[in-house]
Amino acid sequence: MSTPRHDIYAFIHKGLRAFMAHSLVRTGRLDVHDPAEVAEVSEELHALLTICRHHLDIENTFVHTAIAARQPGACDRISHEHGEHEAAIAELDGMVHALPGDAVALRRLYLRLSLFVAENFEHMQREETQMNAALWDTHSDEEIMAIEQRIIASHEPQEMQLALRWMLPHLSPEERSAMLGGMRAHAPAEAFAGVLGLIRPLLGGRDWRKLSQALGL
């Protein structure tokens, strides 16, 4: 049985899929005449669009640059789609501001967000197959993990917290314990405790028990 290659996309894409699905469902249920609910959902949507924009920048800067240096042209299609997504993010951001009290604006936003989520799901699948193949053909796992560490180091604390909030609850138990085990080995104790405090309320009892057993908490 061959050893799986290191997948730089897997964890963050699980988090993005979960955040997108959550935001789409909440937008579909939104009472546009409830100011408190509109404010809460609008804040979530702005957070989603911010993390999507940052994710594009990260891939363009770190992943595409690495692949293109050794396999020119391999990123052309994905880079073009990134440009389309950047335009869609700007459009959606403007539509969120038009929400309060306007049911027509809400329907337009919901339909546009639906299309954005659908396109991103297809896009992420291509990255996890085609772009991973290009990355694995041109880089060793050690080189890929080095790229990943540069990505992690580039995050501001608030950005990292948002990414972890959506990634960790939506990983498999094995993935979650592996990620947190690595974090405990390399991060300051207070930072690790903060991450546990962040995700504890987001995990069901069964998932928390599995994590506690795996990490010996």
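The values are calculated or read from the model by the stated rules, or taken from the named source; none is laboratory data. This structure is a prediction, so every number in the text was calculated from the model and none was measured. Using ideal geometry, Cβ is built from the backbone for each residue, glycine included, and neighbour counts are taken over all protein chains shown. Ligands, DNA and RNA are stripped out before the accessible areas are found, and what is left, the full protein with its side chains, is counted by its heavy atoms. Shrake-Rupley method; radii C 1.70, N 1.55, O 1.52, S 1.80 Å.
Some values worked out for this structure:
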item	result
Tally, over the range 1-36, of residues that are part of a helix (DSSP H, G or I), out of contact with any Asp or Glu (no Cβ under 7 Å at 6 or more places or on another chain), more than 15 Å from PRO100 (Cα to Cα) and not small (Gly, Ala, Ser)	9
Every residue from the range 91-124 that is open to solvent by 80 Å² or more (accessible area, probe 1.4 Å) and among the β-branched types (Val, Ile, Thr)	VAL104
Residue list for the range 152-202, filter: surrounded by fewer than 18 Cβ atoms within 10 Å (Cβ to Cβ) and not in a helix (DSSP H, G or I)	HIS155, GLU156, SER172, ALA187, PRO188
Unique match (being acidic (Asp, Glu) and modelled with pLDDT under 95) among GLU143, GLU156, GLU127, GLU119	GLU156
Residue selected from the range 125-141 under the condition in a helix (DSSP H, G or I) and of a type in the set (S, T, N, Q), by the criterion surrounded by the most Cβ atoms within 10 Å (Cβ to Cβ)	ASN132
Check on HIS80, closer than 23 Å to ILE147 by Cβ, open to solvent by 10 Å² or more (accessible area, probe 1.4 Å) and either touching a helix residue (DSSP H, G or I) at 6+ places or on another chain (Cβ under 6 Å) or touching a residue at least 12 places away in the same chain (Cβ under 8 Å) (or both)	no
Residues of the range 144-188 satisfying the condition of being without any contact (Cβ under 8 Å) to a residue 60 or more places away in the chain and among the acidic types (Asp, Glu)	GLU156, GLU174
